[in-house]
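What follows is a short report on a single structure.
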């Protein structure tokens with residue numbers, strides 16, 4: 001892979017969850033080394049929606065016409081990565097490597113009347129301590145373990161991907177919900193082993209965030225119909241083998257929930273992924289499967305109001321190639337499927353059956369830290385009862401890492 005593109009991807013990985021690697025603006029400060037890092041990105045996007053009035057797909061991600069029937073839209077917004085400002089401090093004390101990371105994510109645009117309505121995100125606040133001889137402990141808020149590698153290897157991390165019509169939001173969706181479940185930003189206590197000739201493992205407990213389902217088997221209600229209260233820690237883990245040509249990983253997650261109707265159920269999922277690089281050619285393959293885990297974000301549409309779980313699965317395939325100019329060209333296809341629960345029927349069922357996405361992108365390193373981006377995304381959402389929505393978008397923009 002071109003070194004400039006590789007540096008940009010490494011920076012993206014840093015701001016999305018690395019703990020102590022230094023890649024930004026380095027400042028010695030007594031016993032500490034402070035790394036100031038982040039990115040600013042913005043994209044102009046033109047969207048077109050192909051839907052029919054009344055074709056509701058509960059949980060669908062393809063854009064739909066607005067209340068006036070307008071079937072196109074334009075926006076200036078961030079992509080999958082929000083604008084980011086992060087601070088990481090590292091030191092060595094009492095034979096321990098110690099670090100902290102705190103970050104904030106301001107909006108670059110919002111659709112309020114005055115343009116001042118955007119609320120900054122605060123996605124990271126964690127500490128780590130450990131030693132290469134016995135491993136590392138992390139405590140605080142950071143990217144989830146399950147699904148983390150799926151988003152970090154998604155080429156739309158440098159672009160837009162799905163949910164491009166969400167003008168004024170902090171981020172778009174990239175491949176979230178069309179190939180993988182969002183790992184989210186979770187309070188966690190985790191342990192990562194030392195690197196054993198490329199092998200490593202991470203296991204942790206996570207804050208049992210509330211999640212939502214649609215409230216019924218053939219419901220037309222919104223995703224916020226029921227709240228799922230989780231009465232124990234989530235458990236997430238991953239094993240990974242990294243080698244010269246790439247890496248292979250396997251991860252899983254387990255949660256327990258009780259919805260506001262009083263019904264309990266378990267939510268579990270596992271995934272398998274591989275990312276390989278052969279010179280200028282890059283290939284990523286990823287699959288996942290869950291029961292009660294839902295789709296798009298953890299737990300969404302994962303069970304009916306009666307607590308009967310739905311199976312879900314999906315994955316994505318991605319191929320990129322860096323041409324002599326340094327531009328990385330890529331194509332990706334991702335799909336997320338959601339089965340009906342036992343006892344559900346297709347007739348009149350507006351609950352999601354499948355979200356899918358095609359992405360074609362070009363990512364050009366104008367400088368060492370600045371990348372120009374062009375993406376075309378096509379999305380399709382289908383309900384079990386036959387409703388279907390489609391949308392397309394063209395995005396042009398830039399992302400600057402520091």
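The values are calculated or read from the model by the stated rules, or taken from the named source; none is laboratory data. In this text the structure is predicted, and so the values were computed from the model without any measurement. Virtual Cβ from ideal backbone geometry, glycine too; neighbours counted across all protein chains shown.
Within region 276-284, not a single residue is surrounded by fewer than 23 Cβ atoms within 10 Å (Cβ to Cβ) and under 25 Å from residue 343 (Cβ atoms).
With respect to the conditions (1) over 21 Å from residue 84 (Cα atoms); (2) free of Cβ contacts under 8 Å to residues at least 40 places away in the same chain; (3) exposed (fewer than 13 other Cβ atoms within 10 Å of the Cβ), residue 133 falls short on a single one, namely (2). Residue 346: part of a loop (DSSP other than H, G, I, E, B), in contact with a strand residue (DSSP E or B) (Cβ under 6 Å, 6 or more places away or on another chain) and modelled with pLDDT under 95, yes or no? Judged against the criteria, residue 346 is not a match.
Among the residues of this structure, residue 354 does not count as one that is closer than 30 Å to residue 280 by Cβ, crowded, with 18+ Cβ neighbours inside 10 Å, at pLDDT 95 or above and within 23 Å of the chain's Cα centre (by Cα). Are any of the residues in region 249-261 over 26 Å from residue 61 (Cβ atoms), at pLDDT 95 or above and touching a strand residue (DSSP E or B) at 6+ places or on another chain (Cβ under 8 Å)? Yes; the residues of region 249-261 include at least one that is over 26 Å from residue 61 (Cβ atoms), at pLDDT 95 or above and touching a strand residue (DSSP E or B) at 6+ places or on another chain (Cβ under 8 Å).
Being at pLDDT below 95, within 29 Å of residue 358 (Cα to Cα) and buried (at least 18 other Cβ atoms within 10 Å of the Cβ) holds for only one residue in 162, 168, 144, and it is 162. The requirement of being within 17 Å of residue 176 (Cα to Cα), part of a strand (DSSP E or B) and either free of Cβ contacts under 8 Å to residues at least 24 places away in the same chain or more than 19 Å from the chain's Cα centre (by Cα) (or both) is satisfied by residue 376.
Quick check, is residue 297 modelled with pLDDT under 95 and either more than 30 Å from residue 262 (Cα to Cα) or surrounded by fewer than 19 Cβ atoms within 10 Å (Cβ to Cβ) (or both)? No. Of 55, 64, 33, 101, all but one fail to be in contact (Cβ under 8 Å) with a residue 60 or more places away in the chain, buried (at least 16 other Cβ atoms within 10 Å of the Cβ), on the phi < 0 side of the Ramachandran plot and outside any loop (DSSP other than H, G, I, E, B); the exception is 101.
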